[in-house]
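A short worksheet on the structure shown next.
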């Protein structure tokens with residue numbers, strides 16, 4: 001006996017009631033009831049989604065209005081419990097943005113408000129999200145997203161920056177008959193740049209990384225400070241890893257002091273003499289076919305005298321002294337037995353060795 005066609009016993013002998021029961025049962029047995037299961041979010045009717053969003057407290061700019069597709073609307077409802085459980089954490093911000101189509105690329109905390117660190121910087125943070133390639137990000141969209149992020153942050157934190165990161169990709173096609181470097185991307189890396197030379201002209205190396213052969217117009221320059229001092233550059237200019245070796249004449253400057261009534265040594269120690277400044281040159285680096293790849297700045301420190309001892313000056317004034325070495329014992333006497341040892345104290349501002 002098919003239980004689906006069972007009707008009340010008091011009307012079971014009524015032919016009209018029996019016929020009606022069979023007719024209705026045939027229709028109801030084939031009726032899909034899944035849209036009526038409201039908490040089966042993946043299958044519930046779309047018309048029920050706004051009510052579910054309101055029930056789970058993700059309506060409006062708390063998530064539902066931020067979703068641009070029906071699937072994102074269903075996803076934000078399904079994630080609502082977890083989002084409210086961890087509300088006020090970086091995870092909640094990242095997960096909420098990702099669910100509505102804005103993955104967080106970077107979330108940084110402790111953003112300084114001024115160049116000098118502040119005790120309140122710990123509460124400042126910035127968010128950088130990945131833009132949606134299928135729609136433009138307008139000012140209104142950015143404002144809505146800011147309010148969305150501020151809902152999921154904690155109350156004591158301050159969102160100071162909200163930015164967007166967009167990936168652009170395309171393919172470049174090159175005619176095989178065209179010159180190989182017609183669409184070639186050229187790059188040049190110089191480190192350090194600028195390069196700082198000591199007053200004594202010690203040879204200094206600059207690391208070069210380039211994917212094309214390169215050159216510098218001159219291998220020798222004259223400093224632009226009015227002197228005849230020379231600056232020479234040695235290089236190969238080959239693609240790949242290489243270097244530029246830079247050597248300069250010593251920076252000898254002996255101008256008059258600033259009209260102080262003190263001794264010359266005192267004035268040189270406390271006041272920069274007139275005319276003594278760091279001198280600088282800019283050198284262009286080109287590809288072999290003449291295209292500018294980059295500029296190398298070369299700076300040489302000015303030599304300065306000092307009225308203090310060499311040890312004091314070396315500790316507080318960089319680049320101010322020629323290399324020196326002090327040995328506390330000029331004569332060392334050892335016994336014939338060879339059993340004793342003599343300790344010698346050496347003070348130097350440069351690396352040294354014994355040959």
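Pick from 66, 40: which is in contact with a helix residue (DSSP H, G or I) (Cβ under 7 Å, 6 or more places away or on another chain), surrounded by fewer than 16 Cβ atoms within 10 Å (Cβ to Cβ) and modelled with pLDDT of 85 or more? Answer to the selection: 40.
Does region 184-206 hold any residues that are touching a strand residue (DSSP E or B) at 6+ places or on another chain (Cβ under 8 Å), within 23 Å of residue 288 (Cβ to Cβ) and assigned to a loop (DSSP other than H, G, I, E, B), and which are they? 186, 187, 193, listed by residue number. For region 286-301, a residue qualifies if it is surrounded by 12 or more Cβ atoms within 10 Å (Cβ to Cβ) and in a strand (DSSP E or B), and the qualifying residues are 286, 287, 293, 294, 295, 296, 297, 298, 299, 300. Residues in region 9-19 that are in contact with a helix residue (DSSP H, G or I) (Cβ under 8 Å, 6 or more places away or on another chain) and either loosely packed, with under 11 Cβ neighbours inside 10 Å or part of a loop (DSSP other than H, G, I, E, B) (or both): 12 only. Return yes when residue 135 is modelled with pLDDT under 85 and either in the same structural domain as residue 62 (by TED's automatic domain parsing) or touching a strand residue (DSSP E or B) at 6+ places or on another chain (Cβ under 9 Å) (or both) and no when it is not. In short, yes.
The values are calculated or read from the model by the stated rules, or taken from the named source; none is laboratory data. A quick note: this is a predicted structure, and the numbers were derived from the prediction, not measured. So basically every Cβ, Gly included, is an ideal-geometry build from the backbone, and we count neighbours across all protein chains shown.
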